[in-house]
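Notes to accompany the following structure.
The values are calculated or read from the model by the stated rules, or taken from the named source; none is laboratory data. Since we're looking at a predicted model, the values are computed, not measured. A quick note on method: Cβ atoms are made from the backbone with ideal geometry, for glycine too, and the neighbour counts reach across all protein chains shown. Heads up: the accessible areas ignore ligands, DNA and RNA and are worked out on the full protein's heavy atoms, side chains in. Shrake-Rupley method; radii C 1.70, N 1.55, O 1.52, S 1.80 Å.
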Amino acid sequence: MVQSGADRDRELAKKIRSAKPGDAPFRETLRTSERVLRRVTDGIYREPWAAIRELISNAYDADATRVIISTDAPRFQRLTIRDNGNGFTAEALAAMCHNIGGSPKRTLTGANLGVTAKDDPNLSPSGRRLIGKLGIGLFSVSQLTQQFRIITKVKGEKSRTIADVVLYRYSEPRKQHQPVTDEVETTGEVLITKVAAEDADAHGTDVIIDHPLPRTRDEFQSRNIWELILNPPSDAEGEESVVRPICHIGYIGPKDDDTYQEKPVLPWANGDNPLTRFKKLTQAMFVRADQPGVERRPSLISTFDNYLRFVWLIALSAPIDYLEKHPFDIGAEDGVRVFRLGAMKVGKAEEIKLKPRERVRDRLKLRAPERGGLPEFTVLMDDLELRRPIRFTGLPRTTNKLTTPLLFVGSDEPNMSKFDPRVTGGPLQFEGYLLWSPRVVPVEHNGALIRIGDSSGSLFDQTFMRYQISEQTRKEQVSAEIFVHDGMDAALNIDRESFNHSHPHYQYLTAWMHDAFKQFATKHKSLGSETRMASTLAGHAKAREKLEELAENAVSRLTDNEETPVEVRFVDHPELFSDESKKEVVVLPSSILKSALGSQRSSKQNALEYTTNEAKMAAIIQILYAAGVLDKLSRNRREKLLADIAAVVFFRGAE
C-alpha cells in the first residue's frame, strides 16, 4: 500500500516530536514537485540578496520582530540568518521536508501546523498578512549553497531541533534514474537531531550556511569587479575597464588570508551605532548626487560594491520602516505638495492643503503599512540597522523652475462581488502614490514598485507597468509604490520577483497606474506653466524696479539732488490730458512705443515684455528731461525725437 503524503507528514512529525536530546540523529528525504525544482534551481534567484530576502519574509511570516543577518564579510565563509519568530513546529518542519515549494499558508491546514491564524489562513498567528510560501524561502538557499543547517525552537519546548539539509542539484540524468511518484521528486536529505535548550521561553529559527558556493562568495566579494580593477587586461591601455565603487567593504583576494588587496572605504565610523551607519550609507548616495561633475543620476552599481548594493536592495524589499517616515505620514511641515488622485478615467488630481500636524493618511484615511498585531519588525545586517532607503524630503535639486517635491496619492477597491472570483481573481484593495522630484536618486528607484503585505519581491519597474505614452523626462523623475492590502497573491509567479501579466488583479493595477500617471502628467504640466509664469512676472517686476532705480540715480546726479524724475504717461489721446502743464508729469502718445514695439499683446508674455519696455522708455525720457534735452523742443519735434530713440533702442534686427 502506497503511503499518502499526509500520512508521511504525520509520521515524520511524530518522529520529530518524540525525539529527545541525546538520541541518535535520523535521516529523512526532502521532496518537492518537479515544477518547483526546475523553477527554483534553474536560477530564479538571480543574486544572493534575493535568497536572503526570502528568509526575511519567512521570519516576518513567523511573527518575528527581529532578524539578524551575519555574513562574515569580507570573507563570506559563513552566512547566518537568525530570527526570534515562532519557530518550526514538528508538523511544520515535516510539511517543509515533504513539500518544499508547497505551502500550508493560506490553507486551512496552516493553523494546525502553527503557521497561520486560526480564523484566517491569510494571516500569521499574530495577524500579519502573510508574504511568502513555506519552503520556497528555504529552498532558495540552494542558490547560495547545497548544504545548510536549520536550528529552530518553539516557545515552551525544552529542546531545539537541528536540521542539517543537503540539497541535490536538478539534473535530467539524475531524474531519469530516479522513480517519480505524482510528479514529486527527491530533492535532498535532512539529518534531524535534538539538543537541550536552557531557556524554555526562547523561540526562533537560525539558518546557517557554512562554505557557500564559490559563485556566491564571488558575488558577495565583488570579485569580478576587483580582479578587473587590480589586474586589468593588457589591452585596457592603463584605464580601468569597470567602474571603481565609491563605497565598498574592501577586497581580500582569492587567498582568503585576511590581507586586504583593496582597503575598505565606508561612509560610517567604527563607533557609529547600526542605525547611524545605515543612515550614512544612504546619505553617501544623496551627497554624491549633489557633487559637481558626478553623473546626473547616480546608480547603485556606480556607487557601491556588490555587498553594499545587496544591503540596499534587501532594505528596499523588506517589510520595514522607511528611512525617515512613511510617505503617508508626510505633513504640512515637510515641504511636499500633496495631491489627491481622482477616480479612474474621469478624475483629475487636485491639490490638498494639510492643516498643521495633519498627515496625508489622516486626510485621505489611508491604512498602509498594515502589520497586524506585531507592528515592530527590525532587520540588522552586519551591524547595519536597515531602513527602507526612500526619501521624500531633502531631495537633490536641479535648475528646474519647479523644485518642490509633488506627492500624488490615491486608493481603490473595485467592486468585483458580482463577478465569478475565478474570473476576477477575488477581492482587490490597494493604496498608492507617485512622487515627483527633479531627480530620482538612485536611478534604480525610478519606476513603479508593487508591495504585497508591505513586502516586495520585484524592483522598480521603469516602464511604469508598460505605460506607452511618451513621457520620457517625467518618467525619469517619478518613483511610485502600490501597497496591496487584499489580492494580488495569485498574480505572483513562483519566483516572487515577477507577475503573471494576464491575471485580472495585475491588469487592474496596470490600468490604475497608467491613469494615475496621466493625472500626474496633466497636473505637472499645469504647475510647470504656472511656475514659469510666476518666474516671468517676478523677473519683469524686478527689471522695472531696477529701471526706476537707475532713472532716479541719474536724475539725482544731473540735478544735484534737487529734482525727482518726472512721471511719464503713454496714452492713446494725449490731447485729452491737461496734466502736462505740470512740470512733474509728461503725457506722450502711445504711438511712440507702438511704432517700435508693435501693438500686439496677444499673450501674457507679450504684455509683460511690452510693460517692461514701456518702463525702459520712461526711464530714458526721465533722464533726458533732467538733462534739459527736451525742454526747448516743440511737442512735434520732441515726440519725433522720442520715436526715433525708441526705434533704435528696441530695434530687433532682421526678423
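A few points about this structure:
- Residue tally, condition basic (Lys, Arg) and in a loop (DSSP other than H, G, I, E, B), over region 278-301: 2
- Applying a threshold of 7 Å to beta carbon distances and a minimum spacing of six or more residues, or different chains, the list of pairs starting in region 561-575 at a residue that is free of Cβ contacts under 8 Å to residues at least 60 places away in the same chain and farther than 16 Å from ILE620 by Cβ and ending at one that is surrounded by 15 or more Cβ atoms within 10 Å (Cβ to Cβ) and hydrophobic (A, V, I, L, M, F, W, C) reads THR564/VAL555; VAL571/VAL587; PRO574/VAL587; PRO574/LEU588.
- Any chance VAL311 is surrounded by 15 or more Cβ atoms within 10 Å (Cβ to Cβ) and in a helix (DSSP H, G or I): yes
- Residue that is farthest from ALA117 (Cα to Cα) [pool: residues in region 51-64 that are touching a strand residue (DSSP E or B) at 6+ places or on another chain (Cβ under 7 Å) and part of a loop (DSSP other than H, G, I, E, B)]: ALA64
- Condition check for LEU275: in contact with a strand residue (DSSP E or B) (Cβ under 8 Å, 6 or more places away or on another chain) and either within 24 Å of PRO396 (Cα to Cα) or assigned to a helix (DSSP H, G or I) (or both): yes
Results for (1) open to solvent by less than 30 Å² (accessible area, probe 1.4 Å); (2) modelled with pLDDT of 95 or more; (3) within 24 Å of ARG388 (Cβ to Cβ), shown as yes or no for each residue.
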site	(1), (2), (3)
GLY457	yes, no, yes
ILE469	no, no, no
GLU476	no, no, yes
SER479	yes, yes, yes
MET488	yes, no, yes
ASP495	yes, no, yes
LYS518	no, yes, no
LYS525	no, no, no
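- Considering region 347-367, the residues that are closer than 20 Å to GLN429 by Cα and of a type in the set (Lys, Arg) include one that is least open to solvent (accessible area, probe 1.4 Å), namely ARG361.
This table checks each residue for (1) modelled with pLDDT of 95 or more; (2) open to solvent by 80 Å² or more (accessible area, probe 1.4 Å); (3) under 19 Å from ASP83 (Cα atoms).
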{"residue": "VAL166", "(1), (2), (3)": "no, no, no"}
{"residue": "TYR170", "(1), (2), (3)": "no, no, no"}
{"residue": "ARG174", "(1), (2), (3)": "no, no, no"}
{"residue": "HIS177", "(1), (2), (3)": "no, yes, no"}
{"residue": "VAL180", "(1), (2), (3)": "no, no, no"}
{"residue": "THR186", "(1), (2), (3)": "no, no, no"}
{"residue": "THR193", "(1), (2), (3)": "yes, no, no"}
{"residue": "ASP206", "(1), (2), (3)": "yes, no, yes"}
{"residue": "PRO212", "(1), (2), (3)": "no, no, no"}
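- Identity of the residue in region 227-258, touching a Leu at 6+ places or on another chain (Cβ under 9 Å) and at pLDDT 90 or above, that ends up farthest from ARG215 (Cα to Cα): CYS247
- Residue match in region 265-275 (condition: of a type in the set (Phe, Trp, Tyr) and touching a residue at least 60 places away in the same chain (Cβ under 8 Å)): no
- Residue within region 421-443 that is assigned to a loop (DSSP other than H, G, I, E, B), loosely packed, with under 14 Cβ neighbours inside 10 Å and of a type outside the set (S, T, N, Q) present: no
- Any hit, region 280-303, residues being surrounded by 14 or more Cβ atoms within 10 Å (Cβ to Cβ), at pLDDT 95 or above, touching a Phe, Trp or Tyr at 6+ places or on another chain (Cβ under 6 Å) and charged (D, E, K, R): yes
- For the condition charged (D, E, K, R) and closer than 30 Å to TYR60 by Cα, ASP290 does not qualify.
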